[in-house]
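To start, the structure under review is shown below, and the notes come after it.
The values are calculated or read from the model by the stated rules, or taken from the named source; none is laboratory data. Bear in mind the structure is a predicted one, so any value in this text is a computation, not a measurement. Backbone-built Cβ (ideal geometry, glycine too); neighbour counts: all protein chains shown.
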Amino acid sequence: MRRDTYAVIDLDALEHNLTLINNEIGKESVYAVVKANAYGHDLVTFSRALFDLGIRHFAVACLSEALTLYGEAKEIVEKSTVLIMGYTSDALLAEYREYPFVFTIFSLEQAMILNESPAKVNVEIKVNTGFNRLGKRPTEEYLREVTAIQGLKNVSVHGIFSHLRLAERGEDLRQIESFEIFCRSLPFSGFQKHICDSIGFIQYPEARFDMVRLGAILYGLVPDRQLNLGYRPVLSLYSEISQIIDVKKGEGISYDEQFSARNDMTIAVVPIGYGDGYKRSLSNQGVVVINGHSCPIVSTICMDQMTVDITGCEARPGSVVELIGPNTPVRTIATAARTNRNDIVVSLSSRIERRFMKNGSIVTTV
Ligand SMILES: Cc1ncc(COP(=O)(O)O)c(C=O)c1O
């Protein structure tokens, strides 16, 4: 243990969440979405934990994440499918086409670059059914293009996928329908099709098809309306008070030019800041919990430290500060920071130690 500011990654909660998912759809049909450092939970260690729990499909956003997995957990990559869901440039497709990844593509030109590989390259085709981000629209022309891709000697269409906008039910259903029609209209089969992320998985069981791509619910980051489904948060975040300062009415604290103490107050300094990925927008907005007391963050969060009001609380240097946990759920922090849950956990920087816990004991620290 190297630092007093640390995240706990609860592997029992992860196992619990996977069991709930497995009760709905077999693990073999789950792409575990581990992009963005496994939503801040640590890409390599978290992927290893998933592998140990039976996951054999991993989805990342970009080539560099796939390469990190390959470099640091080759044994997993060799026994799994690693889908790169995002865009890979032509130059990188050419450079890395012999690596054991599944590339997402959306044109014959990209496929022809991969076709130069001496061995078969698996690809997944992205269809834009309405998200308007990556992939081409499900037109007759795209059907012909995808058929031509499948006709290449060294390229195999391993899957076809799309992504739901999840803004409005009617629109989602239209996306699902046009995706199904597109897949059905192809003159070949043998590919896997998928469209659901976590919310889609819960809201549209009829659209789970061959695979689902799950991030949020694996990590227990569920939307408010799905809190009753029993998924448990995997990550919590703690620190310790480094110093306590009595501040007189009218004194300033931290960089905030506007802030002046309204009364005499007791301030605790907590060694975490926006350099750790703790959102600066929580300045004067967020709350931490110390010995069961809710303590507001006062003044501006600095890069490495921040100050909280502990007036009237029982606390001393070394007292534990809960920043994300049972009393400070990610959704509350996200609301205070005016952002979403993923942004809160994904932002946690490498300076925060991750302690992986199982049955109450630390099994790995990174
Ligand atoms: C293409 C794609 N599929 C699946 C996911 C997983 O989404 P969620 O975390 O909501 O399960 C994401 C995440 O943003 C994504 O971009």
- prompt: So which residues in the stretch 95-128 are within 30 Å of the chain's Cα centre (by Cα), under 27 Å from Ile176 (Cα atoms), outside any loop (DSSP other than H, G, I, E, B) and not acidic (Asp, Glu)?
  reply: Val102, Phe103, Thr104, Ile105, Gln110, Ala111, Asn122, Val123, Ile125, Lys126, Val127
task: Output the residue which, of all residues in the stretch 181-207 that are surrounded by 17 or more Cβ atoms within 10 Å (Cβ to Cβ) and of a type in the set (D, E, K, R), is nearest to the ligand (Cβ to nearest atom).
output: Asp197
- prompt: Only one of Ala268, Ala261 is more than 19 Å from the chain's Cα centre (by Cα), more than 16 Å from the ligand (Cβ to nearest atom), within 19 Å of Cys313 (Cβ to Cβ) and modelled with pLDDT under 95; which?
  reply: Ala261
- request: Tell me which residues, restricted to the stretch 167-213, are in a loop (DSSP other than H, G, I, E, B) and among the polar types (S, T, N, Q).
  value: Ser189
message: I want to confirm something. Restricting to the stretch 15-39 and keeping residues that are touching a residue at least 40 places away in the same chain (Cβ under 8 Å) and more than 12 Å from the ligand (Cβ to nearest atom), which single residue is nearest to the chain's Cα centre (by Cα)?
response: Asn37
query: Looking at His57, is it within 16 Å of the ligand (Cβ to nearest atom) and not polar (S, T, N, Q)?
result: yes
Flag for Asp42 being away from the ligand (no atom under 12 Å from the Cβ) and surrounded by fewer than 20 Cβ atoms within 10 Å (Cβ to Cβ): no
In the stretch 93-111, the residues that are over 12 Å from Val146 (Cα atoms) and either surrounded by fewer than 17 Cβ atoms within 10 Å (Cβ to Cβ) or of a type outside the set (A, V, I, L, M, F, W, C) (or both): Ala94, Glu95, Tyr96, Arg97, Glu98, Tyr99, Pro100, Thr104
- request: Using the structure shown, decide if Ala61 is surrounded by 13 or more Cβ atoms within 10 Å (Cβ to Cβ) and either in contact with a helix residue (DSSP H, G or I) (Cβ under 6 Å, 6 or more places away or on another chain) or modelled with pLDDT of 95 or more (or both).
  value: yes
message: Any residue at all in the stretch 112-119 that's surrounded by fewer than 22 Cβ atoms within 10 Å (Cβ to Cβ), closer than 28 Å to Gly40 by Cα and of a type outside the set (Gly, Ala, Ser)?
response: no
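Each row is one residue, and each column tells you yes or no for (1) in the same structural domain as Gly252 (by TED's automatic domain parsing); (2) not in a loop (DSSP other than H, G, I, E, B).
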| position | (1), (2) |
| --- | --- |
| Met303 | yes, no |
| Val308 | yes, yes |
| Glu314 | yes, no |
| Val321 | yes, yes |
| Thr335 | no, yes |
| Asn342 | no, yes |
task: Restrict the check to the stretch 180-191 and report whether at least one residue is of a type in the set (S, T, N, Q), modelled with pLDDT of 95 or more and more than 24 Å from the chain's Cα centre (by Cα).
output: yes
message: So in the stretch 217-257, with the set limited to residues that are away from the ligand (no atom under 16 Å from the Cβ), aliphatic (A, V, I, L, M) and assigned to a loop (DSSP other than H, G, I, E, B), which one is farthest from Asn17 (Cα to Cα)?
response: Ile253
- prompt: Of (1) away from the ligand (no atom under 14 Å from the Cβ); (2) farther than 30 Å from Tyr99 by Cα; (3) exposed (fewer than 15 other Cβ atoms within 10 Å of the Cβ), Ala167 satisfies all except one. Which?
  reply: (1)
